[in-house]
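Note sheet for the following structure.
The values are calculated or read from the model by the stated rules, or taken from the named source; none is laboratory data. Since this is a predicted model, take the numbers as computed values, not measurements. Please note: Cβ atoms are built from the backbone with ideal geometry, for glycine as well, and neighbour counts cover all protein chains shown. Each accessible area value is taken on the protein alone, full model and side chains, heavy atoms only, with ligands, DNA and RNA left out. Shrake-Rupley method; radii C 1.70, N 1.55, O 1.52, S 1.80 Å.
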Protein chains: 2
Amino acid sequence: MTNVLQVIPARQGRAVRLQAGQAIRIVNTHGTQVVDTWCFNAADMGEFMSMEHLHATLGSIFPVRGEPLFTNRRRPILILEEDTSPGRHDTVIAACDVHRYALLGCRDYHDNCTDNLHAALRQIGLRSDECPSPLNLWMNIPVAPDGRITWGEPLSKPGDAVVLRAVMDCVVAMSACPQDMIPINGADCRPVEAHYEVLT
Amino acid sequence: MTNVLQVIPARQGRAVRLQAGQAIRIVNTHGTQVVDTWCFNAADMGEFMSMEHLHATLGSIFPVRGEPLFTNRRRPILILEEDTSPGRHDTVIAACDVHRYALLGCRDYHDNCTDNLHAALRQIGLRSDECPSPLNLWMNIPVAPDGRITWGEPLSKPGDAVVLRAVMDCVVAMSACPQDMIPINGADCRPVEAHYEVLT
């Protein structure tokens with residue numbers, strides 16, 4: 001079976017099921033795009049990858065290549081098997097939502113990662129009560145020793161990719177972040193598409 | 001009306017309702033005790049103080065004296081009005097739970113902040129589907145520029161206190177963290193009681 005590269009359209013979300021042992025390769029096609037990423041236990045949507053549990057179990061606010069990502073029950077759900085980027089992925093910032101854009105001055109509806117998560121799950125017949133705090137791939141949020149955070153631009157280059165291998169049967173959801181009001185998706189504030197493929 | 005100092009017994013949780021404008025003073029009686037703290041909108045338990053939303057809105061992983069604490073709808077729910085301690089309160093580590101203690105080698109049930117939250121809410125007739133990531137008062141978790149976290153001992157001294165003023169009608173829950181397997185509650189790993197009073 002040939003792996004097929006799938007698009008995550010700009011400003012949209014996608015979700016895919018993985019069996020234990022399968023992996024997903026997520027590609028930062030243009031190098032500037034943040035991809036908010038979630039993972040749920042396929043057998044129980046109440047168990048999901050949790051950044052606050054990851055911090056405690058891993059001892060770091062940045063994911064570490066070769067190390068697992070943990071659920072809210074502190075079990076490994078994915079392994080960050082490969083990462084061709086400098087490894088700066090954010091784990092402390094919530095997914096954007098309508099409230100975020102309203103605070104930034106947006107008066108109309110704005111695409112957002114929270115709604116993208118729920119739409120992507122519905123597209124494959126699933127739902128989650130929660131929008132867990134995401135693994136924000138390529139989102140560059142330096143944290144200073146005094147706690148201050150900086151909204152940086154991605155350090156990745158076009159074609160950089162991560163491979164996440166499933167430890168249990170799970171559902172991975174991704175959102176090509178539609179943030180265009182601050183330069184988190186590159187200096188030109190232009191959200192673009194990303195890609196993924198399931199490695200079989 | 002006289003304010004009454006209430007105990008949060010060692011290893012246990014308590015919850016209290018606040019009306020908008022009221023405040024709660026939480027006291028680190030012995031100076032070494034971490035108090036996991038949550039806050040819910042009294043009219044909708046689905047809206048709660050959220051650390052991942054706080055990080056984005058405040059621009060810091062440490063709460064700032066005089067500044068609000070935000071909900072998962074990015075609304076102010078409490079204001080950190082006073083803080084006599086050095087201000088090192090953790091916002092990146094999940095509440096401890098049975099899974100945490102099992103990973104540390106505990107074979108029997110161990111008191112934990114997650115169960116304390118749910119018990120404290122039930123005691124006043126409420127429930128939450130979630131255990132939101134808590135504001136861990138006095139928990140000293142330095143984060144290095146490379147992302148590594150350190151499990152420090154509290155920097156607070158006996159009697160240090162914070163005052164949290166309610167911006168909306170809300171419910172504050174607190175757990176005197178029962179962690180006694182690592183020295184997060186002081187070098188002697190001895191969880192002790194803390195206190196609180198509602199300021200009317």
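Overview of values
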| item | result |
| --- | --- |
| Answer residue from segment B:189-198, given it is surrounded by fewer than 19 Cβ atoms within 10 Å (Cβ to Cβ) and assigned to a loop (DSSP other than H, G, I, E, B) and is farthest from the other protein chains (Cβ to nearest Cβ) among those | B:Glu193 |
| Single unsatisfied condition, A:Val171 versus (1) closer than 27 Å to A:Arg17 by Cα; (2) in contact with a Cys (Cβ under 9 Å, 6 or more places away or on another chain); (3) open to solvent by 10 Å² or more (accessible area, probe 1.4 Å) | (3) |
| Selection status of A:Arg100, at the interface with chain B (Cβ under 9 Å from one of its Cβ atoms) and in a helix (DSSP H, G or I) | yes |
| Cross-chain or 6+ apart pairs with Cβ under 6 Å, segment B:5-25 first and under 25 Å from B:Arg75 (Cβ atoms) and polar (S, T, N, Q), then modelled with pLDDT of 95 or more and assigned to a strand (DSSP E or B) | B:Gln22/B:Ala166 |
| Residues satisfying the stated conditions in segment B:112-133, i.e. touching a helix residue (DSSP H, G or I) at 6+ places or on another chain (Cβ under 7 Å) and either open to solvent by 40 Å² or more (accessible area, probe 1.4 Å) or not small (Gly, Ala, Ser) (or both) | B:Asn112, B:Arg127, B:Cys131 |
| Tally of residues being in a loop (DSSP other than H, G, I, E, B), without any contact (Cβ under 8 Å) to a residue 24 or more places away in the chain and out of contact with any Lys or Arg (no Cβ under 9 Å at 6 or more places or on another chain) across segment B:29-77 | 4 |
| Residue list for segment B:151-195, restricted to those being polar (S, T, N, Q) and modelled with pLDDT of 95 or more | B:Ser156, B:Ser175, B:Gln179 |
| Answer residue from segment B:135-148, given it is among the hydrophobic types (A, V, I, L, M, F, W, C) and closer than 14 Å to A:Ala144 by Cβ and is nearest to the other protein chains (Cβ to nearest Cβ) among those | B:Val143 |
| Qualifying residue in segment B:137-153 (condition: over 23 Å from B:His30 (Cβ atoms) and touching a residue at least 24 places away in the same chain (Cβ under 8 Å)) | yes |
